[in-house]
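Each remark here refers to the structure printed beneath this line.
The values are calculated or read from the model by the stated rules, or taken from the named source; none is laboratory data. Note that the coordinates shown come from a computational prediction; the quantities given were computed from them, not determined experimentally. Note that we place each Cβ from the backbone using ideal geometry, even for glycine, and neighbour counts take in every protein chain shown. Accessible surface areas use protein heavy atoms only, side chains included; no ligands, DNA or RNA. Shrake-Rupley method; radii C 1.70, N 1.55, O 1.52, S 1.80 Å.
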Amino acid sequence: MKKDNEPKQKDKKKLIGLITLICGVLVCIAGLIFLLINLFTGPGLRDAEYLVEIGEWVREDEPSVIWQFTEIGKGTLTTNSHTNDYDFIWAISDDVLQVETSWLYTLNDSFEYVLDQSANTLILTSGDKTITFLANVQTP
């Protein structure tokens with residue numbers, strides 16, 4: 001009687017082994033696909049680089065307010081559509097954008113920021129005030 005059960009157990013073990021092998025191969029293929037996707041997708045721009053690449057950011061609720069990030073750490077801003085431009089220096093540390101503006105006197109502002117590169121928005125928060133800037137993307 002033992003001999004009748006042995007072929008069934010061997011078939012069962014072979015089936016479990018085959019299923020395990022197939023699952024392992026599928027997981028390896030999926031891992032290889034993700035590896036290739038990560039290798040061929042270039043890294044996204046860092047926030048500072050993206051701000052400079054776009055250059056001009058227009059305030060959503062006041063289009064005459066424009067911040068222009070000219071290079072890493074430097075820029076100009078206007079509150080009246082470039083009638084008067086003011087220089088500013090800026091830095092990003094963690095999720096904080098620090099801006100020092102040369103106006104009639106020096107202004108030092110710190111904003112928590114969220115930069116959404118896919119939506120081309122820059123959202124600044126200081127206390128309970130939130131300001132949204134939209135990228136002024138120039139199409140050739």
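Near the amide H of GLU60, within less than 5 Å, lie the amide hydrogens of THR132, PHE133, LEU134, all on another chain or at least 5 residues away, with H placed in the peptide plane. Expressed as a whole percent, the accessible area of the chain that falls on carbon and sulfur atoms is 58 (1.4 Å probe). Spin-label pair LEU32-THR83: with each label point 7 Å from Cα along the Cα-Cβ axis, the two points sit 6.6 nm from one another. Computed over protein heavy atoms with a 1.4 Å probe, the accessible surface of the chain works out to 74 Å² per residue. At the listed q of 0.19 Å⁻¹, the Debye profile of the chain, built from one uniform point per Cα, gives log10 I(q)/I(0) equal to -1.10. If you take the alpha carbon atoms of segment 69-140 and fit the smallest convex hull around them, that volume is 117 Å³ per residue. Here the gap between ALA119 and GLU6, fully extended at 0.36 nm per residue and compared with their Cα-Cα distance, gives a gain of 34.3 nm. Dipole magnitude for the chain: about 1920 debye, using +1 per Lys or Arg Cβ and -1 per Asp or Glu Cβ, origin at the Cα centre.
Computed from Cα atoms, the angle from the helix 2-40 axis to the main principal axis of the chain rounds to 20 degrees.
Among LYS129, LYS74, LYS14, the residue with the largest mean-square fluctuation in a Gaussian network model of the chain, with springs joining Cα atoms closer than 10 Å, is LYS14. If you run the Gaussian network model on the chain, springs between alpha carbon atoms under 10 Å, then out of ILE89, ILE72, ILE22 the most flexible one is ILE22. Each stretch of four or more DSSP H residues adds -39500 (n - 2.57); spread over every residue of the chain, this sum gives -12000 deg cm²/dmol at 222 nm.
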